[in-house]
1. Please verify whether A:Ala10 is away from chain B (no Cβ under 14 Å) and not basic (Lys, Arg), treating the condition exactly as stated.
2. Would you mind telling me which numbered condition in (1) exposed (fewer than 14 other Cβ atoms within 10 Å of the Cβ); (2) at pLDDT 60 or above; (3) under 20 Å from B:Trp225 (Cα atoms); (4) not β-branched (Val, Ile, Thr) B:Lys79 fails?
3. Identify all residues within segment A:70-100 that are part of a helix (DSSP H, G or I) and of a type in the set (S, T, N, Q); write none if there are none.
4. Any residue in segment B:82-108 that's within 11 Å of B:Trp272 (Cα to Cα): show its pairings with residues that are modelled with pLDDT under 70 at Cβ separation under 7 Å, as long as the two are six or more apart or on different chains.
5. Just to verify a result, which residue in segment A:20-38, among those that are among the small types (Gly, Ala, Ser) and part of a helix (DSSP H, G or I), is farthest from A:Glu57 (Cα to Cα)?
6. With the condition being more than 14 Å from chain A (Cβ to nearest Cβ) and of a type in the set (Asp, Glu), I'd like the helices (runs of 4 or more DSSP H) fully within segment B:1-68 carrying at least 1 qualifying residues.
7. Here are the criteria: (1) modelled with pLDDT under 90; (2) touching a helix residue (DSSP H, G or I) at 6+ places or on another chain (Cβ under 8 Å). Tell me which single one B:Phe139 does not satisfy.
8. Residues to consider are B:Val65, B:Val71; find the one that is of a type outside the set (Asp, Glu) and in contact with a Phe, Trp or Tyr (Cβ under 9 Å, 6 or more places away or on another chain).
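The values are calculated or read from the model by the stated rules, or taken from the named source; none is laboratory data. Given the structure is predicted, the values throughout are model-derived calculations rather than measurements. When we count neighbours, we look across all protein chains shown, and the Cβ atoms used for this are built from the backbone with ideal geometry, even at glycine.
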Amino acid sequence: MRIDKDLVAASATPLVLGILAEGDLHGYAILKRVAELSGGRMQWSDGMLYPLLHRLERQGFVAAAWGTSEAGRRRKHYALTPAGRDALAERQEQWSVVADALKQVWQHARDSAERVAQGPAGLARPAEGWA
Amino acid sequence: MRPEVEEQIARWREYVHRRRAVSTADVDELEDHLRAQVADLGAAGLDDDEAFLVAIKRMGDLDAVSREFAVEHSERMWKQLVVPADDAAGGTAWRELAVVLALAVGAGAALRVGLALLPGDALLRNAALLVLPFVVAYFAWKRRLTARAVAALAVPYAALAVVVNVYPFEPGAAGSPGATAVLAALHAPVVLWLLVGLAYVGGRWRSDGRRMDFVRFTGELAIYWTLLAIGGGVLLGLTVGVLGLVGVDFEPVLGDWVLPLAVPGALVVAAWLVEAKQDVVENIAPVLTKVFTPLTIVMLLSLLGVLLTAGDLVDVDRELLILMDAILVLVLCLLLYAISARDPLTPPGLFDALQLVLVVAALAVDAVMLTAMLTRIAEFGFSPNKVAALGLNLLLLVHLVRAAWLTVGFLRRRRPFGALERWQTHYLPVYAAWAAVVVVVFPPLFAFA
């Protein structure tokens, strides 16, 4: 199953903020974590992560610092700032409202589907009466 | 990794780097990502070539990625923003030059006609009204403004022109123009500059980024205009000298024709140069602000010392207050220009601390000025000049206090630099509104004195 592009885009910011809340990471590790969390079903163009991280940096939600990787290359690490923590909490609230609404509507849909499934049997009887 | 793959990575790097929206640091970051991906895929059993291809594929469409970088880092793209994509053809460049030269001649001619027809003090109030429409016209043409947008600019312009020319300004003592007339002449250009800004941003006046571009444009226009003035001054000085030696008096021609035509014309040409030759000044701007910020701090601190030891502030000369206002406005311009020239992603450094010192020094000077002004008002009562100066100082005070507060937040890494930028761009229209009040409301309020 592939996740719809708009949905991936909408969830990207809270996902990245949430992953950084677990600890400081560099870009590649963030994407690995996304793949891990979604069982590889959320696919981004890897390159798109970086403009997103830079936007979060400009908004003050993450702070970046250059370090070195195990292989001795220059590597940029990202960390959540207090403002980023606040933004994450806010996003979490928004998403739980959305998730809650969706859950209810799925439940409704399932209930009425069940009712419809039982329905023909109930309707069948008067039909039989006509026969 | 095999040398062939190293070579491929180097070639990829060069290919990415060709995009102006992606800086060297970004390419480093992307390359680190690519190498980590290749190493992981290699560990999973792919050979280097395959791993490289898969990693490249996962990186995504580079055009789309660099477009995202461009959206995020619009300041890097500010070169391209001003040059429309279809401008590559040589014909367009020549057409633009023709339009610019025609507008420059028009601006000069308008001022020359004003000089011939208007009395001295009316000319003073109308100079900006005569010249700036040509700068607006250039941007209206360049940004392809709609007729509605042009009309929306024309209405406030016409209102300003009517106010400045219909108000029955009283002459002051000894035939010089009265205080409200001088104030109107000083503040009308500020209101008009807002109209230039609206034309410059091409209707996207809500965008913080475009407003910052306009600040940048204003600073660079000042630099180009000064350069043109210096160059022109040298040429004219030599001409006057040579003609003087052979017995021809060039000065009447200079005052009546050359300067009235050249100064407004140079403004239009400078506006075009900022648009066309972005790269040149872009590199000078950070250097200039770094040179002048410390110098300005020294100037402000020594002025502060002199003011504080000068004794009774009631006796401070009126001229001094006006001059100090001019200095504070200049400091503000320097601050704005420095902020517009800074890369918002660079972490706070020594220069940002220096900028805070500049703002605090300006605040101290402003506080002294406000005290002096209030004591003068208590002593001599209100006058148009004092109220105008008081209003400007209060606006500056609010601007500087908030800027200092946000700079402290940025230095302590509590706030992003963007917050400081946004404060500037949000606050700027307030100055234009105040200038409009001074032009429109002050004269009737003070009986056109």
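1. yes
2. Evaluating B:Lys79 over (1) exposed (fewer than 14 other Cβ atoms within 10 Å of the Cβ); (2) at pLDDT 60 or above; (3) under 20 Å from B:Trp225 (Cα atoms); (4) not β-branched (Val, Ile, Thr) leaves (2) as the failure.
3. Kept after step one, since they are part of a helix (DSSP H, G or I), are these residues of segment A:70-100: A:82-100.
Passing the criteria: A:Gln92, A:Gln94, A:Ser96.
4. Cβ pairs passing all conditions: B:Val82/B:Gln278.
5. Per the stated criteria, the residue is A:Ala35.
6. Of the helices (runs of 4 or more DSSP H) lying wholly inside segment B:1-68, those with at least 1 residues that are more than 14 Å from chain A (Cβ to nearest Cβ) and of a type in the set (Asp, Glu) span B:3-17, B:48-59.
7. Going through (1) modelled with pLDDT under 90; (2) touching a helix residue (DSSP H, G or I) at 6+ places or on another chain (Cβ under 8 Å) one by one, B:Phe139 breaks only (1).
8. B:Val65
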